[in-house]
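Shown next, in structure tokens, is the structure this report addresses.
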């Protein structure tokens, strides 16, 4: 069982959350028009790392906030979790 | 290798028993790698070994090494729930899997290896009228393509699978089923062994315990595959690794549109024959069949998040077991005996990626998720054809990596670019 340290609710089991996928790719700017390569990179291409992975989790069973979480994809250990609306990553 | 390799047969079995059960020759030769090969196939699972076998049998290419980081068939080949079927709706998916199903039907004889191909029937359950209508559409598509499909209403389904709980007050009541009678199971590790034996007999080198650590490139070509057993030069490289495709692609200098996610399966203690079909529950996902040893083999959906840990989590076991018990209440009395996980690399549309890559002499066979086993013979056959002719075989052409840029996705599940949902 993965335990996610929710910044609002404290440590909670994965069963309270819904996974939202890779959070490492910034969405291309809508101002640049139709940049096919950039959108392909954002929608499809993934680093898929074996190790630390920054990803979204939705805390539906708690604060109902989207979180950004860094989790190791081999050990499932979570290093940090922050509110997805926060601009900066927490101090480690 | 000078070992005399007799054909496997009942006669040979009796003769050997008579002669004091002397040991059998190795099924495939143990050889150190040469300094270079025409084709180096990375990944000694059933897909890689089948590719080698068909390259040798059909295309006259025998200077091949299949290199495997662990032991043959120890990856997803030996971890799946052994199901074969071709009940797909989308044209590209259905054609490839139907070709595979036809090949499974004669494969034991061809490879002289009992693969225990059991066409016991694959029963796909619907839980609503809407789902039944979608099933009818899919069954019609299958029949129009020359495959077999039957739609069973609840009464007919109860006759076909008498053990099934069709209580209308169940949490997810069953409405009917799509049945493919030619579907069933195949002993999965025997597939790796049979292809290895047949490929080895044609001169293919099979090198186990040989992880790849990098590539040496000149321009946009791979010159040398660096392994823990030394460098191996290659005219052509096939990456057929399942799970770790992104890692190999990274070594070769490109990203892939896929994510690695664990999928687990488990078996119950063995019991007397109780279930003679494969049944799939679609409210959530749970598929179950009974092995010849008597264990119920059960599997479910993905773990739901990126993972390279080949083990499963308890919440998923609980979910899957609950669905199995809803289908077959007698299963509640069984104890789970073993549980394991495999790493499935799932592409952004949930379908495989086969064919050319951004590296000129690297061919991909990746992204099979947890749906690759059933396709094994057709994939090996079509990939071998593609490698020899230098152009993708029509069966695998739709699965090109370029589809993610062109937009011609093959999304059987309709789940969009979220591998963890496929």
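Read-outs: derived from the displayed coordinates by stated rules, not from any lab. Remember, it's a predicted structure, so these values are computed and weren't measured experimentally. For neighbour counting, all protein chains shown are included, and Cβ atoms are generated from backbone atoms with ideal geometry for every residue, glycine included.
Observations
- Of the residues making up the range A:26-60, those that are out of contact with any helix residue (DSSP H, G or I) (no Cβ under 9 Å at 6 or more places or on another chain), away from chain B (no Cβ under 11 Å) and in a loop (DSSP other than H, G, I, E, B) are A:33, A:34, A:35.
- Scanning the range A:1-25 for residues that are in a loop (DSSP other than H, G, I, E, B), more than 9 Å from chain B (Cβ to nearest Cβ) and touching a strand residue (DSSP E or B) at 6+ places or on another chain (Cβ under 9 Å) turns up A:7, A:8, A:17, A:23, A:24, A:25.
- Residue count, the range B:209-265 (criterion: on the phi > 0 side of the Ramachandran plot and within 14 Å of another protein chain (Cβ to nearest Cβ)): 3
- Scanning the range B:282-313 for residues that are away from chain A (no Cβ under 14 Å), crowded, with 17+ Cβ neighbours inside 10 Å and under 30 Å from residue A:78 (Cβ atoms) gives B:286, B:298, B:299, B:300.
- Residue within the range A:61-77 that is within 14 Å of chain B (Cβ to nearest Cβ), closer than 24 Å to residue B:353 by Cβ and out of contact with any helix residue (DSSP H, G or I) (no Cβ under 7 Å at 6 or more places or on another chain) present: yes
- Test for residue B:279: is it in contact with a strand residue (DSSP E or B) (Cβ under 8 Å, 6 or more places away or on another chain), buried (at least 18 other Cβ atoms within 10 Å of the Cβ) and not in a loop (DSSP other than H, G, I, E, B): yes
- Looking only at the range B:124-151, and only at residues there that are in contact with a helix residue (DSSP H, G or I) (Cβ under 6 Å, 6 or more places away or on another chain) and crowded, with 19+ Cβ neighbours inside 10 Å, the one that is farthest from residue B:326 (Cα to Cα): B:147
- Qualifying residue in the range B:343-351 (condition: touching a helix residue (DSSP H, G or I) at 6+ places or on another chain (Cβ under 7 Å), more than 12 Å from every other protein chain (Cβ to nearest Cβ), over 30 Å from residue B:320 (Cβ atoms) and surrounded by 24 or more Cβ atoms within 10 Å (Cβ to Cβ)): no
- Within the range B:389-422, being in a helix (DSSP H, G or I) and either within 14 Å of another protein chain (Cβ to nearest Cβ) or crowded, with 17+ Cβ neighbours inside 10 Å (or both) holds for B:398, B:399, B:403, B:404, B:405, B:406, B:419, B:420, B:421.
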